[in-house]
Amino acid sequence: MNVWRAIDGAATESRSTPSVATIGVFDGVHAGHRRVLARARTLAAEIGSSRAPVVAVTFDPHPTAVFAPDRAPRMLTTVPQRLELLRAAGADEVRVLAFGPEMAAWSPEEFVERILVSELRAEGVVVGDNFTYGTKAAGDVSTLVASGHEHGFVAEGVDLDGARDIVYSSTYVRGLIADGDVSDAARVLERPHSIRGVVIEGDKRGRAMGFPTANVLPPVGYAVPADGVYAGWLRRCDDEGEPLPAAISVGSNPTFDGVQRRVESYVLDRDDLELYGVEVEVSFVARIRGQVRFDGMDALVQRMHRDVAEVRDALQPH
């Protein structure tokens, strides 16, 4: 996987051979993004005497964080996660553009000339049909197609409509996650939504109740499901180990007047895990219930036994 990053709009490495490019933030790399990448691979096979590599062009930070910081969305994936998912979805290379005020001021034609023509030597460009680019989002699929005619590349927009009148979009997924609807989010993502973080020392109440948990602080700026209890998986990020089934609590422990929001994962039937200081990935499969304030520890323990049983049932099909 060839990855480069452009700093302040100046690219650090140009391609020496032609490519087929696909452009977007690709946050979450959901089903719509995969559809775009699949079409890019098909187009790459259709043009030229040999298949040109598919280059996925993404941005960091999210462009909205530059021109309207107060409206910056909570991200579904970190850049490293995005790279992994784009590679799995069919990208031969990924180009990460460091989006800043200079790039935000580029006209659509300047973006085409500097990135697609000069840097990527694009023979084909595939984007979602809602794609915009250039200052004030002045460019769209129609202007991209016109630029392609001028510069000698083929440009296409791909329909992002999904089943049940759903438009595949990162915004739609973020809304589902904010509501705690991780099951429907997983259908659009084609995988469970996950977060990553380093396990910190908690209050150790879970261990005292027979449910030791791995505690992670919600990553700042990233989408975390609504407070509640979820069925899911916990995986160490430092090895190739299998994901472990887990009951996951998101919230601030109102029963104990907690104020700090945490993601706490109890790995089913395990009390031997040493995870302090380890980066883990927590994946959310299904919501079991909302956050509840219980009348004391005994009532909480009783409910936790029920939660674990429901988690087992929820994870059985997976």
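The values are calculated or read from the model by the stated rules, or taken from the named source; none is laboratory data. None of these values were measured; they are calculated from a predicted model. When we count neighbours, we look across all protein chains shown, and the Cβ atoms used for this are built from the backbone with ideal geometry, even at glycine.
Mind checking whether some residue in region 275-288 is among the small types (Gly, Ala, Ser) and either over 24 Å from the mean Cα position of the chain (by Cα) or closer than 22 Å to ARG174 by Cβ (or both)? So far as region 275-288 goes, yes, one or more of its residues are among the small types (Gly, Ala, Ser) and either over 24 Å from the mean Cα position of the chain (by Cα) or closer than 22 Å to ARG174 by Cβ (or both).
When region 64-85 is examined, which residues are found to be assigned to a loop (DSSP other than H, G, I, E, B), farther than 15 Å from GLY24 by Cβ and touching a strand residue (DSSP E or B) at 6+ places or on another chain (Cβ under 9 Å)? ARG74, THR78 - these are the residues of region 64-85 that are assigned to a loop (DSSP other than H, G, I, E, B), farther than 15 Å from GLY24 by Cβ and touching a strand residue (DSSP E or B) at 6+ places or on another chain (Cβ under 9 Å).
Consider ARG74 carefully, then state whether it is under 14 Å from SER19 (Cα atoms), in contact with a Lys or Arg (Cβ under 8 Å, 6 or more places away or on another chain) and basic (Lys, Arg). Spelling it out, it is not the case that ARG74 is under 14 Å from SER19 (Cα atoms), in contact with a Lys or Arg (Cβ under 8 Å, 6 or more places away or on another chain) and basic (Lys, Arg). In region 71-88, of all residues being more than 18 Å from GLY175 (Cβ to Cβ) and of a type outside the set (A, V, I, L, M), the one that is surrounded by the fewest Cβ atoms within 10 Å (Cβ to Cβ) corresponds to PRO80.
Condition first: of a type in the set (Gly, Ala, Ser) and at pLDDT below 80. Now tell me which residues in region 237-254 satisfy that.
GLY241, SER252, listed by residue number.
For SER107, state whether it is out of contact with any helix residue (DSSP H, G or I) (no Cβ under 8 Å at 6 or more places or on another chain) and without any contact (Cβ under 8 Å) to a residue 40 or more places away in the chain.
no
Reported count of residues in region 276-314, each being assigned to a helix (DSSP H, G or I) and not aliphatic (A, V, I, L, M), is 9.
When residues in region 290-311 are screened for being within 20 Å of PRO192 (Cα to Cα) and surrounded by 14 or more Cβ atoms within 10 Å (Cβ to Cβ), 4 of them pass. Summed over region 135-155, the residues that are outside any helix (DSSP H, G or I) and aliphatic (A, V, I, L, M) give a count of 3. When region 95-115 is limited to residues that are buried (at least 22 other Cβ atoms within 10 Å of the Cβ) and in contact with a Ser or Thr (Cβ under 8 Å, 6 or more places away or on another chain), the one that is farthest from VAL280 (Cα to Cα) turns out to be VAL112.
Pairs please, first residue from region 75-96 and aromatic (Phe, Trp, Tyr), second anywhere and crowded, with 23+ Cβ neighbours inside 10 Å and assigned to a helix (DSSP H, G or I), Cβ atoms under 8 Å, 6+ apart in sequence or on different chains. Sorted first by the residue in region 75-96, then by its partner, the list stays empty.
Selection of region 166-191 for residues being crowded, with 19+ Cβ neighbours inside 10 Å, of a type in the set (Val, Ile, Thr) and under 15 Å from VAL36 (Cβ atoms) yields only VAL188. Only one residue in VAL267, VAL278 is closer than 23 Å to VAL199 by Cβ and at pLDDT 95 or above. Which one? None of the other options fit; the residue is VAL267.
Return the residues of region 146-165 that are within 28 Å of the chain's Cα centre (by Cα) and surrounded by 15 or more Cβ atoms within 10 Å (Cβ to Cβ); say none if nothing qualifies. Walk me through how you get there before you give the answer.
At the first step, the residues of region 146-165 found to be within 28 Å of the chain's Cα centre (by Cα) are 155-165.
ALA155, GLU156, GLY157, VAL158, LEU160, GLY162, listed by residue number.
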